[in-house]
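What follows is a single structure, written as structure tokens, with notes after it.
Nothing in this text is a laboratory measurement; each read-out follows from the coordinates by a stated rule. Treat the numbers as computed from the prediction; the structure is a model and nothing was measured. All Cβ positions, even for glycine, are placed from backbone atoms using ideal geometry, and neighbour counts span all protein chains on display.
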Ligand code: GDP
């Protein structure tokens, strides 16, 4: 079942319940059973769904429902909270620190996207000023080293591996040692996968972990593996202590329930999502937008509320129109930054804007983020109208970038960073295309 279907089934179940004249235990049970079936079809593990059903029944008060409150909203909110709680393990995964050496070991089945994800993870950190390095300890799959080498070379990340050596432990230890000497702060060890879970694989993982003593083991999982996610994650977690999960291939119509299952099996948080084959198709994982998407509430419900709140009334229809056309220009980004700076408290506004929260404005660093936004706006002040209104990504060529840098007294790399940010947001906002724009106070209709 794809996510769209899941949200459709849940909406239908809620609608049926809302239509009932009297909401009693039976009607509520029917509704919850319907929702349970939908979640199971979306690959959320059976035990989790069962637990969730029990919790919701504890939370949802039949008297409240009978008193004419918005039933649909109350139950939807309860499901939303339950799913968020499931994904929010409360246990922070180990967080590497820039400038201090950390060894990160990646595990997962063959084809899960492990090697690709290792490079994405390295590249993501490299862009933020880290000094990552890649070690290929996959001696099982022919071509694994070549693949890693190719990716690493493209991203200009140092790598280590061998065509001759067949002992993965030896390679891993040598690679880690070498990069420790070279003061790399993020040493990423890519390990073998197998087509199936098998004892030899888990024994190899155990030996590798024992020899390299990783600070963090990341389990990589393909989002489409379905109900198998729970047992797969659990099996890896038994041989090495998994500290975080990365779910790949989440773009398009993937099922989402597997991620919940992996989190439950490892008690470790999802930290990133793979959203495509390319190096930069990698997103920091945010619990709330993910669950919104899973439930088909749209990432936009809170955002829409916020738009109605922060954007001046006379500008709302025009902005929403532009957004629903899916054309996110630099000018729109500029106007959004303006709204955000005018509004305050900035943290609260940011937390609602899709794509803005985790990346552009990490919690507790509002001041820095505000300075960053002002810096971006200064650079945009040096842009021409054509540049601000363009939807053609090729327009921003080298000479334009240099002119903007000169005009704003910044470096070329600052302008590039701002344009990268724009691209990232444009990609997220392009999902608004065709969006039905709800009126204020009508969020439950989403
Ligand atoms: P490994 O065997 O686990 O190391 O898997 P690979 O890294 O070789 O990836 C297997 C395939 O999945 C390759 O074709 C990758 O390009 C592709 N892949 C990896 N991550 C993603 C993703 O997030 N989205 C999509 N669409 N493909 C991905």
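Where Rh is the Kirkwood radius over the Cα pairs of the stretch 211-276, the temperature 20 °C and the viscosity 1.002 mPa s, what D in µm²/s does Stokes-Einstein return?
Values: Rh = 11.7 Å.
Calculated translational D: 182 µm²/s.
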| query | Once the Cβ-Cβ distance between residue 314 and residue 388 is put in as r, and R0 is 25 Å, what FRET efficiency do you end up with, to the nearest 0.05? | reply | 0.80
| task | Along Cα→Cβ, 7 Å out, is where each label goes; now give me the distance between the ones at residue 46 and residue 163 in nm to one decimal. | result | 5.0
| field | Additional length obtainable on full extension of the chain from residue 154 to residue 61, 0.36 nm per residue less Cα span | value | 27.8 nm
| Extension gain residue 267-residue 412, at 0.36 nm per residue separation less the Cα-Cα distance, in nm? | 47.9 nm
| task | Would you mind telling me the antiparallel percentage of the DSSP bridges in the stretch 102-297, rounded to 5? | result | 10
| Protection proxy ranking of 12-24, 97-109, 236-248, 274-286 - average other beta-carbon atoms within 10 Å, highest first | 236-248, 97-109, 274-286, 12-24
| field | Likely footprinting exposure, 374, 288, fewest C-beta neighbours within 10 Å first | value | 374, 288
| remark: Placing each pseudo-label 7 Å from Cα in the direction of the beta carbon, residue 146 and residue 170 end up separated by a distance in nanometres of 2.3
| field | P(r) tail fraction, the stretch 58-180 - alpha-carbon pairs more than 16 Å apart, % | value | 71
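To the nearest 0.05, what FRET efficiency results for residue 402 and residue 203 with a Förster distance of 60 Å applied to their C-beta separation?
On the way: r = 56 Å, r/R0 = 0.93.
Computed FRET efficiency for residue 402 and residue 203 comes out at 0.60.
Residue separation times 0.36 nm, minus the C-alpha to C-alpha distance between residue 194 and residue 427: what's the value?
Numbers: separation 233, 0.36 × 233 = 83.88 nm, distance 3.39 nm.
Here the segment from residue 194 to residue 427 would lengthen by 80.5 nm.
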| query | With r defined as the distance between the Cβ atoms of residue 95 and residue 21 and R0 fixed at 60 Å, what FRET efficiency is calculated, to the nearest 0.05? | reply | 0.70
| remark: So, with points 7 Å from each Cα along the Cβ direction, the residue 29-residue 231 label distance in nm works out to 3.1
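Based on Cα coordinates alone, diagonalise the gyration tensor for the stretch 102-297, multiply each eigenvalue by 5, take square roots, and list the semi-axes in whole Å, largest first.
Details: eigenvalues 133, 72, 42 Å².
Working from the Cα gyration tensor, I get semi-axes of 26, 19, 14 Å.
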